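Accompanying notes for the structure given below.
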Amino acid sequence: MKAGMPAVIVALMAVAACGDSMRDQPRYDPLSAAQGWPHNQSARVPPEGTVARDDSMAPDPQSPPTALSRAQLERGRERYGIFCSPCHGGSGHGDGMVVQRGFPAPPSLHSERLRAAPLRHYYDVISGGIGRMYAYGARVPPQDRWAIAVYIRALQLSQHATVDDLAPGERKALEKQP
Ligand code: HEC
């Protein structure tokens, strides 16, 4: 077996030398024209919604979204579920599964201090991490950080709403219940 090793290495080197054929096969040069492709371009336009890995290193959007859409809140809920709930728990009390398995518990997102914190604070914590929590900037692109921040706000409201926050019609319906 040992005596066979040099032969194997020589054979591998011979295979490696065949690399030239890769250069000779049909291919497009970067940005070259390509008949028959859309716009006659060989370069493809990324599908809508594509997030290039480097986009997360792009300059941050300076401010939180001004108009809040239902879709954005849903997106935040989904992303929170994926990236944050394992530690912070589904409703933000800091009792996620990873914590139940021994990871240091994060503070509740419902504390007075965190309820008073601006959206930017959540954005910054996601981007750069804090204390024992590592950064999620490489995995959560800027728009999703805002979406998560906004969703955390909704979570906080869900735990601190009073009947006074209800619209009159909703309040009546609630009071009718036994
Ligand atoms: C692996 C566990 C883990 C995950 C996942 C995680 N965190 Fe944390 N988080 C922590 C821990 C632990 C702390 C407390 C850090 C400390 O003070 O040392 C913390 C702290 C925080 C705080 C409090 C910051 C403050 O001012 O005290 C916020 C807000 C927060 N995390 C948001 C998030 C969001 C949003 C996500 C999802 C993108 C997330 N975390 C994902 C573990 C986690």
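Bear in mind that the values in this text are calculations on the coordinates, not laboratory data. Quick caveat: nothing in here was measured; it's all calculated off a predicted structure. Backbone-built Cβ (ideal geometry, glycine too); neighbour counts: all protein chains shown.
Things to note:
- The helices (runs of 4 or more DSSP H) found wholly in the stretch 107-178 and carrying at least 2 residues that are touching a residue at least 60 places away in the same chain (Cβ under 8 Å) occupy 119-128, 142-160.
- Among the residues of the stretch 90-104, those identified as of a type in the set (A, V, I, L, M) and either over 21 Å from Q156 (Cα atoms) or crowded, with 17+ Cβ neighbours inside 10 Å (or both) are V98, V99.
- All positions within the stretch 65-89 that are part of a loop (DSSP other than H, G, I, E, B) and either surrounded by fewer than 14 Cβ atoms within 10 Å (Cβ to Cβ) or under 15 Å from the mean Cα position of the chain (by Cα) (or both): T66, A67, S69, C84
- Qualifying residue in the stretch 156-174 (condition: closer than 30 Å to G49 by Cα and near the ligand (Cβ under 7 Å from one of its atoms)): no
- Some residue of the stretch 155-164 being crowded, with 18+ Cβ neighbours inside 10 Å and in contact with a strand residue (DSSP E or B) (Cβ under 7 Å, 6 or more places away or on another chain): no
- Verdict on Y136 being farther than 24 Å from A67 by Cβ, among the aromatic types (F, W, Y) and either within 12 Å of the ligand (Cβ to nearest atom) or within 17 Å of the chain's Cα centre (by Cα) (or both): yes
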